[in-house]
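Reading through the structure tokens given below for one structure.
No lab work stands behind these numbers, since they all come straight from the coordinates. The shown structure was predicted, so the numbers you read here are calculated from the model rather than taken from an experiment. Note that each Cβ is placed from the backbone with ideal geometry, even for glycine, and that neighbours are counted across all protein chains shown.
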Amino acid sequence: MLHILFFFLFALSLSTSPSTSNAAVNDFCVANLKKADGPSGYPCITPSKVTASDFVFSGLGVPGNTTNIIKAAVTPSFVAQFPAVNGLGLSLARLDLAPGGVIPMHTHPAASEILFVVHGKITAGFISSAANSVYVKTLKKGEVMVFPQGLLHFQINAGMHPALAVVSFNSPNPGLQILDFALFGNNLASTLVEQTTFLDDAQVKKLKGILGGTG
Ligand SMILES: *[C@@H]1O[C@H](CO)[C@@H](O)[C@H](O)[C@H]1NC(C)=O
């Protein structure tokens, strides 16, 4: 009885195996970054040219340089740095926050984010779009917080020592728009920035000066 069942399963597997003319399953699609990115990601490099090293990214082992205006560094392993995540719907980044460091208010248009505190203390929060409700917490080592897709959020070092977090995204290319740079790091005429932000000319000029804007 049992071997009849096995024979049946064997016959079934033969009848359903794809012929060589059918496309094989795409197990992976390591990005060909020389081609243009599209809505479903980059085209793949030829699978026979892919090696184990393509699936490994070593850049997150190195602390980012926090000698900058925000005293913080984001080290991404998005598709641009780690082409193997192309098409897989995920990616990672490393956040280094020196004492006083901040990842200013920002959004990732294409992904939700989950943050894991490796060491240090981080005050993190986001603002809902529906009611501008604020969700903010000070996280300690080992804690995790999630930031829903597209919402403005921030991270601040809440301790006296460097803080380190690893963040994960449900997109290989989450995108990043930092609000301060979007508002004041551009060449939109100051008069228009003033009208759209309700800030006065001196404030806008000062912020443009700090954040690299002109106009
Ligand atoms: C970190 O960045 C600062 C400012 O750009 C630079 O002066 C410094 O050399 C950098 N440090 C390292 C270790 O790369």
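Data for the structure
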{"item": "Cα-based equivalent ellipsoid, the stretch 69-176: semi-axes from gyration tensor eigenvalues, Å", "result": "21, 17, 11"}
{"item": "Cα-Cα over 24 Å, subset of 34/71; 71/205; 35/208; 71/137; 71/141", "result": "34/71; 35/208"}
{"item": "Shape metrics for the stretch 66-106, restricted to C-alpha atoms - Rg then Dmax, Å", "result": "12.6, 37"}
{"item": "Extension gain from residue 53 to residue 129, taking 0.36 nm per residue of separation minus the Cα-Cα distance", "result": "23.3 nm"}
{"item": "Nitroxide proxy distance, nm - points 7 Å out along Cα→Cβ at residue 137 and residue 71", "result": "2.5"}
{"item": "Protection proxy ranking, peptides 81-91, 134-144, average beta carbon neighbours within 10 Å, highest first", "result": "81-91, 134-144"}
{"item": "Pairwise Cα inverse-distance average, inverted: Kirkwood Rh of the stretch 144-215 (Å)", "result": "14.7"}
{"item": "Phi to ³J(HN,Hα) by Karplus 6.51 cos²θ - 1.76 cosθ + 1.60 over the stretch 37-44, Hz, x for Gly, Pro", "result": "6, x, x, 9, x, 7, x, 8"}
{"item": "Ranked packing of 202-210, 63-71, most packed first, by mean Cβ within 10 Å", "result": "202-210, 63-71"}
{"item": "Computed label-point distance, nm, for sites residue 37 and residue 112 using a 7 Å Cα→Cβ extension", "result": "2.2"}
{"item": "Degrees separating the helix 2-16 axis from the principal Cα axis of the chain, which is the longest one", "result": "60"}
{"item": "Scaled radius of gyration (Cα, divided by 2.2 N^0.38 Å) that the stretch 123-172 gives", "result": "1.23"}
{"item": "Residue order, fewest to most surrounding Cβ atoms within 10 angstrom, among 194, 113", "result": "194, 113"}
{"item": "On Cα atoms only, tilt of 201-211 relative to the major axis of the chain in degrees", "result": "50"}
{"item": "Equivalent ellipsoid, the chain (semi-axes from 5 times Cα gyration tensor eigenvalues, Å)", "result": "44, 22, 18"}
{"item": "Ranked list, fewest to most other Cβ atoms within 10 Å of each Cβ, for 145, 160", "result": "160, 145"}
